[in-house]
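Worksheet for the structure shown next.
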Amino acid sequence: MYTFDLINAMPDVKFYLYFLSNRSNFIAIFVIHLFYPMSNFSRTTVTAALIYANGPIHIGHLAGCYLPADIYVRFLRLKKKDVIFVSGTDEHGVPITIKAQKEGKTPQEVVDHYYHVIKSSFADFGISFDIYGRTSDPVHHQMSQDFFLKLYESGKFVEEITQQFYDEEAGQFLADRYIVGDCPSCKQPGAYGDQCEKCGTTLSPNELLNPKSTLSGSSPVLKPTKNWFLPLDQWQPALEKYIAGHPEWKSNVSGQVKSWLQEGLRPRAMTRDLNWGVPIPLPDTEGKVLYVWFDAPIGYISMTSQLRPDWEKYWKSEDSRIVHFIGKDNIVFHTLIFPAMCMAHGDFQLADQVPANEFMNLEGDKISTSRNWAVWLHEYLQDFPGKQDVLRYSLTALSPESKDADFTWTDFQTKNNSELVAILGNFVNRAFVLIDKNFESKVPPKGELTTFEKDLMEAVNEIPAKLENALEHYKFRDALVLAMEVARLGNKYLAETEPWKLMKVDPLKAGSVLNFAVQLVAHVSIALEPFLPFTSLKLRNALGLKDCDWSMIGNFNCISEGQPLMNPGLLFEKMEDVTIQTQIDKLNKTKVEMELATKSVPAQKDIVSYDDFAKLDLRLGTIIAAEKMEKSKKLLKLTVNDGFRSRTILSGIAEFFDPENIIGKQVTFLANLAPRKMMGLESEGMILMAEGQDGKLDFLMPGVKMWDGASIS
Ligand SMILES: [Zn+2]
């Protein structure tokens, strides 16, 4: 079967032969895919994932989708494109009610608090949403209910009575995260009713092994209840066609989507037995709400409706391009479930792109809110005030575009010191200082261009097309390198022309060099604007550049001769080792605290008889010599005076003590342990050690020094 999807005669046409494997049938779909040059869309609707309003935000959130979305939107704005940028907080769902329960607050109090915390963190980091809404808004409730009703009335749902888990002690049905158990897929404990976070499998509560209620800890019982299901299986062919039409999607996204389709989609409940959320707009549905993943994506639309009166075209017109920026854990909802909802509804366009990122780790470990293993944005700003762009820069340079990435403080320091300070900061600072000092802070006149300058102009002029291409393909790491290349070229230009030396011999020539440098600074301020908006603004203010427009790249006369300049001062400061070490220490402290909090006292061993105990000959002795064992990291060779003689005892304590520091200590040892040969030496006894909470060992010693050989009973 061949399907021709020829939309319009457009340039840049690419052909793909597509095979969709659907169990035994192979369907070959011949797709002519058109790589839309962006100009063929009249407008772009950019959304960034709705985050649960149940906690503050960290670098993983920023790197996952908000930073790439912001870079992309800022770029489109610089190109004077019609673009809107929509996001907000997801204020429904079980994670909210669980947080409320933990904090002894109402769900409304929790979301009211965190909405403002999250919104201001994003604003602090320059994430330039056109609207940052909330799903608890009445406008959103109304729109979600209307959406649901349209599907209901046109017979798109399947009503089904199913057996759901019910907590008899709490008197409540257990939706999603109110139930935990062992994952049927990876067998690990702690999987939730909707997902196993260990292996990523999406689950339904009935699939969990050994299910337990998180409300009371009791084993739940099954009870019948009515819910409304979207028969995703019926939408599978249409979804396959939709996905096949987007071979340009990132491989981490299409890979996940294809594996879902290969498994075969199943009907999914769009309602829940829960008392927090958007009420179902049908009679006799008390105690039931819309599934959070039904109403959340509608939030993008309801928020847009509050942004501007002509909002509908951003969602309904075929010439609108919808781009969802999300993290990898949200792929299925944005590529299959929400599109199926939109197809069933009929009024809304499907997303053209879903550029999902993988995860950002921290110092080699998964970022975790519950373990407090994170760099929180509000804490970062307390420790590094005014340094938003440094974090934006280092996170973008590491962007987890195709695989998980790892943020480390040392890497953060290196990027700041050897790129932002040494290249960008150095270039700009030199230009401004020299003009301040020699030209009364006014742009000096330019002279005839040298070959070097002409070559440099050519090199700079090649950058925008490459940069646009990288951004249009969501390659933000590559794009950042290209944008920084302008600063790199500027820095190189000053290093080679040395205007500070020229001043003494040819001030006119020095002025011309600095004029050229100022034009390059203007280029830097535009090319880096999407990535470093705070720095870009400082530069434009310094240059008196009012407008910021992509088309100015290539104009080497954009700053006029005689234009007064305002030196912005140092753009970046060198970060010292001690500053970075403080952050590393803070994380390590967190790790130790979390480990201690979760470590429990070991269980008691089996009972022994007094006779058995009396067989042990425990005594005091003094360590009179100690040395490291060659070829062993663990063992120390101790010589212990036991009152009669000195005996050799090998002890696995080398990682906790330096031999010279333990000589003279009176310790407890088991004297009648059968001698044992280790590393060629015979050990005659065992030193008794106590293990601390942190795993460190220490000696058991009498309160005052006693005689060696004293027996212990
Ligand atoms: Zn699992």
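The values are calculated or read from the model by the stated rules, or taken from the named source; none is laboratory data. Remember, it's a predicted structure, so these values are computed and weren't measured experimentally. Cβ: placed from backbone, ideal geometry, glycine included. Neighbour counts: every protein chain shown. In case anyone asks, the SASA skips ligands and DNA or RNA and just uses the protein heavy atoms, side chains included. Shrake-Rupley method; radii C 1.70, N 1.55, O 1.52, S 1.80 Å.
When the alpha carbon gyration tensor of the range 191-294 is reduced to an equivalent ellipsoid, its three semi-axes come out at 29, 20, 12 angstrom, largest first. Full extension of the chain between residue 577 and residue 365 gives 74.1 nm of extra length, using 0.36 nm per residue less the Cα-Cα distance. Local charge for residue 204 was computed over the other residues whose Cβ lies under 10 Å away, with Lys and Arg +1 and Asp and Glu -1, and equals -1.
Per the Cα gyration tensor, the range 616-713 maps to an equivalent ellipsoid with semi-axes of 19, 16, 13 Å, ordered largest to smallest.
Alpha-carbon geometry of the range 393-457: the Rg and the Dmax are 18.1, 51 Å, given in that order. With no solvent and one point on each alpha carbon, what is the Debye value of log10 I(q)/I(0) for the range 56-106 at q = 0.17, 0.22, 0.26, 0.30 Å⁻¹? Result of the Debye calculation: -0.70, -0.88, -1.00, -1.09.
The distance between label points at residue 707 and residue 42 comes to 10.4 nm (points 7 Å beyond Cα on the Cα→Cβ vector). Between residue 306 and residue 450, the simple spin-label model (points 7 angstrom out along Cα→Cβ) gives 5.8 nm.
Checking Cβ-Cβ separations below 4.7 Å across the chain identifies 65, 342, 548, 558 as cysteines lacking any candidate disulfide partner. Computed over the alpha-carbon pairs of the range 110-260, the distance histogram in 5 Å steps reads 2, 8, 10, 10, 13, 18, 20, 13, 5, 1, 0 percent, short to long. Largest accessible area first, the residues 609, 394 order themselves as 609, 394 under a 1.4 Å probe with ligands, DNA and RNA left out. Heavy-atom accessible surface of the chain, averaged per residue, reaches 46 Å², computed with a 1.4 Å probe. For the chain, the carbon plus sulfur part of the accessible surface works out to 52%, probe radius 1.4 Å.
Net charge near residue 496: determine it from the other residues with C-beta under 13 Å of the C-beta of residue 496, scoring Lys and Arg +1 and Asp and Glu -1. Counting the neighbours of residue 496, the net charge comes to +1.
In the chain, helices alone account for a calculated mean residue ellipticity at 222 nm of -11500 deg cm²/dmol, with every DSSP H run of four or more residues adding -39,500 (n - 2.57). Sparsely packed loop sites in the range 343-448 (the GluC sites (Glu not before Pro) outside DSSP H, G, I, E and B with at most 11 other Cβ atoms within 10 Å) comprise 440, 448. Sorted on the mean count of surrounding Cβ atoms within 10 Å across their residues, most packed first, peptides 258-270, 483-495 read 483-495, 258-270. Counting Cα-Cα pairs of the chain in 20 Å increments starting at 0 gives whole-percent bin shares of 14, 37, 28, 18, 4, 0. Under the definition of Cα pairs under 8 Å and six or more residues apart, what whole-number percent is the relative contact order of the range 195-348? Answer for the range 195-348 is 20 percent. Distance between the 7 Å Cα→Cβ label points at residue 505 and residue 605: 8.5 nm. For the chain, hydrophobic long helices are taken as DSSP H runs at least 20 Å long by C-alpha position along their axis with mean Kyte-Doolittle hydropathy of 0.0 or more; these are 292-307, 476-497, 507-527. Here the range 669-713 and the range 134-176 have alpha carbon centers that stand 65 Å from each other. Please identify the trypsin sites (Lys or Arg not before Pro) of the range 589-654 that satisfy two criteria: DSSP loop assignment and at most 10 other Cβ atoms within 10 Å. Which are they? Within the range 589-654, the qualifying trypsin sites (Lys or Arg not before Pro) (loop, at most 10 other Cβ atoms within 10 Å) are 605, 615, 631, 633, 645. Once the Cβ-Cβ distance of residue 595 and residue 219 is raised to the sixth power relative to R0 = 22 Å, the FRET efficiency obtained is 0.15. Taking amide hydrogens as placed 1.01 Å from N in the peptide plane, the amide H of residue 195 sits under 5 Å from those of 203, each at least 5 positions away in sequence or on another chain. Close amide H contacts of residue 134 (hydrogens built in the peptide plane, cut-off under 5 Å, sequence separation of 5 or more or a different chain): 89. Separation of the range 449-497 from the range 581-653 is 61 Å, based on Cα centroids.
If you wrap the range 328-425 in the convex hull of its Cα atoms and look at it from every side, the mean projected area works out to 9.0 nm². Going 7 Å from the Cα of residue 112 toward and past its Cβ, which residues in the range 39-53 have a backbone nitrogen under 20 Å from where you end up? Flagged as within label range: 52-53.
If you average 1/r over all unlike Cα pairs in the range 305-347 and invert the result, what Kirkwood radius do you get in angstrom? This gives a value of 11.9 Å.
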